[in-house]
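The values are calculated or read from the model by the stated rules, or taken from the named source; none is laboratory data. Note that this is a predicted model, so its numbers are computed, not measured. Cβ coordinates were reconstructed from backbone atoms using ideal geometry, including for glycine residues, and neighbour counts include every protein chain displayed.
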Amino acid sequence: MYIVERSMRFVRGFLLSYGPTNIKRRFWDKEYTEDKWNFADHTEGDCVYSHLEKWAAHKTILDIGCGSGNTATEMAPDYESYVGVDISQAALDKAAKRSQECGRGKKNRFACSDFLAYVPERPYDVILFRESLYHVPLGKVKATLDRYSMYLKDGGVLIVRLFAGDRQTNQIKPRPTAMLNIIESEFDVLESRRYEQNGLPAVVVFRPKALPKN
């Protein structure tokens, strides 16, 4: 049974990272329609918020892989505007409803797209990848972050939050660790912290490296 479950998790993970957009959308819409992710709807106090609120106060935010709207409804409300992008319309419908219920319906907007292909309409002060970087193939992590870096305002930052360890055993996981290593070696890191909590959550704030002056 363990081998079967592990194989199914592998196939699901492979499709969500490497599969065509229509297959990924079906997966996520089914899971959000069936309320599979309801357990994760409340993440108040998550370690990402202190970093996000520091850099996004009175500024614009693009949330890549926003899911059902936790960040849009839980972070401090003193940001200028927020756009959440997700491949699942079912998740975005829930996010929009939650935004209306907490009085942020006019402040928050949402776009349905596979973020590997999404093209922002304008530059932002903060571009957030809150656990969504898991769904980027490892060989495309730098290219994906480079592409989104092009949509940062002057002085803007990218923020990545992910679990560096297994959420049950805290054993370090190689793939997210490799992602963190790519960020720390290829970008100008402004803040980096790994928290001693279940799953060893990590938050990195960074921007493209400055070009050398002639």
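Annotations
- A residue that is of a type outside the set (A, V, I, L, M), within 17 Å of the chain's Cα centre (by Cα) and surrounded by 15 or more Cβ atoms within 10 Å (Cβ to Cβ) occurs nowhere in region 97-107.
- Among the candidates D125, D46, D86, residue that is buried (at least 22 other Cβ atoms within 10 Å of the Cβ) and under 24 Å from V204 (Cβ atoms): D86
- Scanning region 29-48 for residues that are at pLDDT 75 or above, part of a helix (DSSP H, G or I) and under 17 Å from N198 (Cα atoms) gives a single hit, V48.
- Residue among L116, L92, L133 that alone is surrounded by 16 or more Cβ atoms within 10 Å (Cβ to Cβ), touching a Leu at 6+ places or on another chain (Cβ under 7 Å) and not acidic (D, E): L133
- Within the span defined as region 77-86, one or more residues are without any contact (Cβ under 8 Å) to a residue 60 or more places away in the chain, of a type outside the set (F, W, Y) and touching a helix residue (DSSP H, G or I) at 6+ places or on another chain (Cβ under 6 Å).
- Considering only residues in region 144-196 that are part of a helix (DSSP H, G or I) and among the charged types (D, E, K, R), the one that is farthest from A57 (Cα to Cα) turns out to be R175.
- Test for S185: is it modelled with pLDDT of 95 or more, of a type in the set (S, T, N, Q), surrounded by 12 or more Cβ atoms within 10 Å (Cβ to Cβ) and farther than 25 Å from T43 by Cα: no
- Given (1) crowded, with 16+ Cβ neighbours inside 10 Å; (2) of a type in the set (S, T, N, Q); (3) over 22 Å from G199 (Cβ atoms); (4) modelled with pLDDT under 95, index of the condition S68 fails: (3)
- Qualifying positions in region 140-174 - in contact (Cβ under 8 Å) with a residue 40 or more places away in the chain and out of contact with any strand residue (DSSP E or B) (no Cβ under 9 Å at 6 or more places or on another chain): V141, K142, D146
- Residues that are among the small types (G, A, S) number at least 2 in the following strands (runs of 3 or more DSSP E) confined to region 60-136: 81-86.
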